[in-house]
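Please treat every number below as a calculation from the coordinates, not as lab data. Nothing here was measured: the structure is a model prediction, and the numbers come from that model. As a convention, Cβ positions derive from the backbone with ideal geometry for all residues, glycine included, and neighbour counts pool all protein chains shown.
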């Protein structure tokens, strides 16, 4: 669909081959002291090879005191320049331009990383709970210098421009926001004073790098969910002041606990903050970069309507670095779709994970070792199970030249992804099923539906390799009387295979149980979700969990964690609540979502009878879409 997205564009002195921008996204692919790694270079080079016109390197600290993430990239000293220069060269090899985002965490910097207390315009605790030291006038001037020196290092490393991180609750944004800036001196109160720190940074950077070197700012067009936050009118005034100070562009984002970029919507909505980009575009004459879940089609529309000049596509480039090239050549059906699960964002909050991952792209952050190359010897491969693990294993094995056959006992492919796409806010999963199905069709894979595998059939088929992706069996809890009640499985409810009464008890309070409850509540059912565990939906990532639980409450779902089960009677489910009260929860239908067990029956039957057998996905252990895709990819790459 070549169109305006593919027109060259000039940003300052920078000539871009198209209008697609990869925005800065923290990866934690650096070393523990902020140096560029081979992993980081491979990650950025893959996106440059994929066709984006401009790549903006993730938030890079300008001083060690401003570090907000483990393994965050740094540009606070000259020792970072050689590694950064290598990164620039890797991107330039593919005709893309590269800028770097200069960052100071302010109150969101972490003393556990820096060894110093955080600093901010006002002594108000950030998300981590640490109360920062209020910056003095002299210290503010010092931080301004840190930004300017880092910009000069960026220019020396060969970057084509720099972006100042003035959004998302970090230091510059902390000055801009009346929510976090309570100063009453020349750096606080009205918009112009709150913008003073940003303007001083812009001027200091300009003085060191020169008037023709592209410098711009990323800023919030609005803070959502905060009464005292930045308004669009505030942002428009700040943008005008930034333009007067000499920025080459404005990159419009948003922030706040209710920011639509960080939440899901009932149905997938592209370009969720386009009105902010349009509002800033009305206020300034410099180019505007729009961001916020923008699809290529939505990007074309924004350009056509004059709401933006450049289109930033973020998470979708994590899912598929080749997206620009595929769009340019009209291969939209070959784009691996981002399912907006927020897993990459949740990884940044997890102490167990170092380096973001993607649910649909197992090669993210492993680009070099994940190259799909022809197999040394094509083999006859049988995949049993057409869920995400089985389809991904099939796709990769077929790409490598193996002769692959896929058996699926259901009349359709997709496995549990089909059910996963049905509840509210989950329609974004359906394109993943269609993508995988399309790839198998294009690769000429033989897919046999309604084909239940047995040990005898496998022996008759005589494969050289068997990949088992047989999924799970539902777990039925042991509760007296359950066998005499109207009991149905959550998956059957979602797919409409069973009737459900008006008073429903869902047993199981993890993702499936809670999503099924929301599904039923939207159909007018009176729903209670209960579980033995102390909290609901612990498997939902921190980015969406509170939002998800709040939706359930608003839709009238009763949540009962911490219960003890006694029995099921004709009236309902008898439990003792966590407060110690014995109650009968009325129900005419009981929905089971109490977990699942790996289905390894077929593996036990063929183990030792087939030369090479692999188990992938939930038949190993029930987990996530990301685990299923990663294991399918890994086995497809290894055989």
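Here the residues 216, 255, ranked from fewest to most Cβ neighbours within 10 Å of their Cβ, fall in the order 255, 216.
Counting neighbouring beta carbons within 10 Å and listing from fewest to most, the residues 42, 186 come out as 186, 42. Distance between the pseudo-spin-label points of residue 372 and residue 621 (7 Å out from Cα toward the beta carbon): 2.7 nm. Subtracting the Cα-Cα distance of residue 297 and residue 434 from their residue separation scaled by 0.36 nm leaves 47.5 nm. Kirkwood radius for region 482-594, taken over all pairs of different Cα atoms as the inverse mean of 1/r, rounds to 13.9 Å. Kirkwood hydrodynamic radius computed over the chain comes to 26.5 Å, based on all pairs of distinct alpha carbons. Packing order of peptides 121-131, 20-30, 354-364, highest average first: 20-30, 354-364, 121-131 (average count of other Cβ atoms within 10 Å over each peptide's residues). With no solvent and one point per C-alpha, what does the Debye sum give as log10 I(q)/I(0) for region 370-528 at q = 0.14 Å⁻¹? Scattering profile of region 370-528, log10 relative to I(0): -0.80.
As a test of the formula, what do you get for the chain when each DSSP H run with n ≥ 4 contributes -39,500 (n - 2.57) and the sum is divided by the residue count, at 222 nm and rounded to the nearest 500 deg cm²/dmol?
The helix-only estimate for the chain comes to -9000 deg cm²/dmol at 222 nm.
Dividing the Cα radius of gyration of region 365-432 by 2.2 N^0.38 Å, with N the residue count, gives 1.33.
Test of understanding: extend the Cα→C-beta vector of residue 226 to 7 Å, then name every residue of region 78-113 with backbone N under 12 Å from that spot. It comes to 107-108, nothing else. Residues within the reach of a label modelled at residue 189 (point 7 angstrom out along Cα to beta-carbon, backbone nitrogen below 17 Å), restricted to region 107-145, are 122, 137.
Could you calculate the FRET efficiency of residue 609 with residue 350 from 1/(1 + (r/R0)^6), where r is the beta carbon distance between them and R0 is 45 Å, rounded to 0.05? Please list the in-between numbers first.
On the way: r = 41 Å, r/R0 = 0.90.
Computed FRET efficiency for residue 609 and residue 350: 0.65.
Among 263, 171, the ranking by other beta carbons within 10 Å of each residue's beta carbon, starting with the fewest, stands as 263, 171. Return the FRET efficiency for the residue pair residue 77, residue 547: r is the Cβ-Cβ distance, R0 is 41 Å, and the value is rounded to the nearest 0.05. Taking R0 as 41 Å, the efficiency between residue 77 and residue 547 is 0.55. Treating r as the C-beta distance of residue 133 and residue 578 and R0 as 41 Å, the FRET efficiency rounds to 0.50. Direction-averaged projected area, Cα convex hull, region 4-347: 15.4 nm², rounded to one decimal.
Beyond 30 Å, what share of the Cα-Cα pairs of region 87-243 remains, rounded to the nearest whole percent? Don't jump to the answer; show the numbers that get you there.
Values: 1985 of 12246 pairs.
I get 16 percent for the Cα pairs in region 87-243 exceeding 30 Å.
The long axis of helix 232-245 is offset from the longest Cα principal axis of the chain by roughly 40 degrees.
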